[in-house]
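The values are calculated or read from the model by the stated rules, or taken from the named source; none is laboratory data. Since this is a predicted model, take the numbers as computed values, not measurements. Reconstructed Cβ throughout: ideal geometry from the backbone, glycine too, with neighbour counts over all protein chains shown. Just so you know, the surface numbers come from the protein's heavy atoms only, side chains and all, with ligands and any DNA or RNA stripped out. Shrake-Rupley method; radii C 1.70, N 1.55, O 1.52, S 1.80 Å.
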Amino acid sequence: MSQDAVAVAPLPAGVPVGEARINFAAHQARANAQGARQDFEEMIGQLVRAVRPGVVKMVAANPGDWGIDVFVGDLGGSVTVWQSKYFMPEVSKSHQAQIRESFDSVVANAAKEGFALTQWILCVPSSMDGPTTKWWSTWKRKKERDFGFVIDLWDETELRSLLISPDAETVRRHYYEPAQATRPETSVVGLADEDAERLETALFVRQLREAGHVEVTSSKQQFFNAELLAREIVDKGVPAEVAALSSADATIHGVWEDHFNEACQTDEGARLAGLHKSVMSEIRAQHTTLSSGLPCGPVHTCGLMHRVVDNRRAGWVRHWRQIADEHVRGDGEQSQDTTAAVALDGPPPASPS
């Protein structure tokens with residue numbers, strides 16, 4: 001060994017280094033060669049939704065997709081278009097004609113259907129070889145000059161950069177990380193009469209009453225089961241489950257915030273009729289995503305929303321903050337002793353009796 005050489009000690013077998021590398025061949029493994037293109041296209045739609053603001057829509061390829069797989073905007077106005085091509089293991093000269101054809105299609109249909117292109121983005125799960133890279137650069141400059149909008153490329157390098165961003169964590173985990181063995185779904189625990197009576201003084205119940213809810217028994221059961229689940233997860237301290245719980249909590253809070261802001265714009269009343277129903281309907285619809293990594297069912301995911309309310313971060317009426325403040329000033333301290341939500345980064349309180 002020369003004096004300048006540096007000896008590197010081998011890592012012990014089984015020591016993980018970083019996260020699993022994103023392998024775009026996973027689309028072939030999951031959906032076979034015939035379905036890989038559609039699977040990759042669906043991933044692009046989810047990725048755009050995660051990293052770009054706006055209402056993301058996909059276009060079905062029947063009888064044609066107009067050169068559009070995913071777009072943000074209005075097909076009666078201005079749009080940004082993503083076109084996916086599952087070219088593997090590289091983009092070569094043989095693919096140039098398909099790229100030109102897709103671009104020409106979207107340009108022609110923009111003129112025919114009356115929408116304006118602001119950006120066209122080609123998405124490929126590989127890299128261009130040398131000659132194709134040179135061709136792309138020349139072709140891109142010419143088309144941008146001819147048509148006056150931006151042309152971009154999301155190749156494997158750019159896609160990996162986007163997928164490892166925090167915003168795209170769920171997309172990366174769903175499409176590229178190995179399925180993790182999870183605990184069986186936690187059974188729903190029945191709500192005893194004494195627990196139902198105790199929860200009557202909880203803040204989340206008070207918020208429901210303020211919104212005009214007469215029957216709240218199922219909401220109590222949802223909250224009770226979500227509390228048991230959260231306490232168990234924090235108590236066991238399995239990092240993946242704690243992270244999944246934190247992610248679900250943040251996502252559910254975001255769902256409520258979107259619906260609350262919309263309700264405030266469309267309903268002038270204090271009770272915001274329909275807010276609770278719309279939020280819970282979306283949470284049930286997103287249960288599969290929200291429960292990823294968690295041993296829970298729809299009852300638990302709905303209960304996580306009640307935990308957000310009980311933790312004074314949301315409510316069901318326009319003046320929910322006032323209700324929460326009054327609850328704390330009144331009997332809130334006693335209520336917190338028995339129904340406070342579990343802190344995700346601290347030790348769990350005693351299990352509810």
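Amide H to amide H, which residues 5 or more places from I151 or on other chains are under 5 Å from it, using H placed in the peptide plane?
When sequence neighbours closer than 5 places are left aside, the close amide H contacts are W120.
Near K236, which lysines are there with a Cα under 25 Å away, not counting those fewer than 8 places off in the same chain?
Here the lysines satisfying the reach criterion relative to K236 are K220.
Taking H as built 1.01 Å from N, whose amide H comes closer than 5 Å to the amide H of V91, not counting residues under 5 places away?
S127, M128, D129
Using amide H atoms built 1.01 Å from N in the peptide plane, name the residues 5+ places from S78, or on other chains, whose amide H lies under 5 Å from its own.
A116
Go through 208-217, 187-196, 113-122, 319-328 and give me the packing order, highest mean Cβ count within 10 Å leading.
Ranking the peptides 208-217, 187-196, 113-122, 319-328 by packing returns 113-122, 319-328, 208-217, 187-196.
Could you order K236, K220, K93 by accessible surface area, starting with the largest, using a probe radius of 1.4 Å?
Of K236, K220, K93, the descending order of accessible area is K93, K236, K220.
Could you name the lysines whose alpha carbon sits less than 23 Å from that of K85, not counting residues in the same chain fewer than 8 places away?
Partners within reach: K57, K93, K134, K140, K142, K143.
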